[in-house]
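The values are calculated or read from the model by the stated rules, or taken from the named source; none is laboratory data. What you are looking at is a predicted structure, and each value in this text was computed from that prediction instead of being measured. Reconstructed Cβ throughout: ideal geometry from the backbone, glycine too, with neighbour counts over all protein chains shown. Each accessible area value is taken on the protein alone, full model and side chains, heavy atoms only, with ligands, DNA and RNA left out. Shrake-Rupley method; radii C 1.70, N 1.55, O 1.52, S 1.80 Å.
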Amino acid sequence: MSGLLCGTKRKKQVSDLHEEGKNAINAPLLPSGTEIHPEDALLEENAERIMLDPASRENPKFKDLVKTLTEWINSELEEDRIIVKDLEEDCYDGQVLQKLFEKLSGRKLNVAEVTQSEIGQKQKLQTVLEAVNSVLRPHGWTVEWSVESIHSKHLVSIVYLLVALAMHFQAAIRLPEHVSVQVVVVKKLEGILQTAVVTKELTTTTEMMIGRFERDAFDTLLDHAPDKLNVVKSSLITFVNKHLNKLNLEVTELESQFADGVYLILLMGLLEDYFVPLYNFFLTPESFEQKVHNVAFAFELMQDGGLMKPKARPEDVVNLNLKATLRVLYNLFTNYKNSE
């Protein structure tokens with residue numbers, strides 16, 4: 001009996017060792033904290049499942065990117081009263097992506113407004129992604145998303161898609177630089193689960209990302225005709241002082257004197273002929289946040305006046321970004337140059 005028990009124990013040890021070796025082969029480089037789910041065993045031959053590495057999900061730069069994209073969508077879809085809180089849960093069915101693409105492209109898609117069934121959701125996604133791809137592909141974008149990946153709430157695919165849309169349509173946001181994540185790819189080959197870890201680069205440098213945008217006159221001016229820059233600045237200074245002088249204010253340095261947002265707000269009031277209540281902004285802002293609040297409020301006043309949303313971030317103006325400030329002021333100049 002004791003011999004039989006010893007034999008059984010040895011067989012179990014051999015079996016456990018074999019299973020451990022098999023797992024080691026089938027899960028190379030698998031990040032700690034990543035689990036192979038039971039449903040992976042049900043994958044069809046050559047099918048694969050992609051998971052975001054938990055450590056990458058908690059990466060501060062990736063979280064910042066997700067936050068930036070979420071806030072951007074909410075800003076774009078504010079008029080539609082759409083509020084996105086979670087990209088995975090709110091974007092997978094195609095409804096938000098449809099509204100966002102329609103807003104950015106000015107193109108109406110022929111899809112059902114509300115779809116509850118999985119089939120209906122995937123049909124809507126198919127239509128939306130076909131429209132998105134038809135716009136992005138001719139400009140060299142690599143499609144890193146699909147109906148299946150978006151509908152299965154694969155966050156990396158959703159982020160890839162949103163980054164591409166934000167860059168293509170020149171969103172007035174600054175995407176965090178050098179954001180990369182690791183994804184775990186589980187694939188079934190000859191009945192055996194194979195795993196691999198792949199690094200996905202979501203953003204590069206700001207300069208390279210902006211390079212994909214259509215360059216405007218200020219890019220050309222600063223890069224190729226810096227001698228003419230003073231002429232443009234002089235014209236803008238003359239324009240703003242024509243109005244600010246009414247309050248006994250004068251501008252000599254565009255990038256620094258508009259950086260706290262106060263002059264921008266007062267200028268909008270003068271151009272639109274109304275008084276801006278002092279409780280709406282910080283008259284003597286001290287912190288970076290207060291300055292950003294002021295510039296953002298000035299942008300709201302511009303949009304209330306019928307102007308397009310500035311192609312700049314409030315943070316860029318506060319950070320003394322000359323091109324951002326010039327773009328904002330030139331937009332005012334174009335619309336109000338004949339105002340008295």
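Take the conditions (1) under 21 Å from T70 (Cα atoms); (2) open to solvent by less than 30 Å² (accessible area, probe 1.4 Å); D93 misses just one of them, which is (2). In segment 280-291, the count of residues that are among the aliphatic types (A, V, I, L, M) and buried (at least 18 other Cβ atoms within 10 Å of the Cβ) is zero. Applying the criterion of at least 2 residues that are in the same structural domain as H168 (by the TED database), modelled with pLDDT of 90 or more and of a type in the set (F, W, Y) to the helices (runs of 4 or more DSSP H) found wholly in segment 48-153 leaves 60-76. Please verify whether segment 246-268 includes one or more residues that are in contact (Cβ under 8 Å) with a residue 24 or more places away in the chain, in contact with a His (Cβ under 7 Å, 6 or more places away or on another chain) and of a type outside the set (K, R). Yes: segment 246-268 contains one or more residues that are in contact (Cβ under 8 Å) with a residue 24 or more places away in the chain, in contact with a His (Cβ under 7 Å, 6 or more places away or on another chain) and of a type outside the set (K, R). Going residue by residue through segment 13-33, is there one that turns out to be open to solvent by less than 30 Å² (accessible area, probe 1.4 Å), closer than 28 Å to V198 by Cα, modelled with pLDDT of 50 or more and not assigned by the TED database to the domain that holds W145? Within segment 13-33, one or more residues are open to solvent by less than 30 Å² (accessible area, probe 1.4 Å), closer than 28 Å to V198 by Cα, modelled with pLDDT of 50 or more and not assigned by the TED database to the domain that holds W145.
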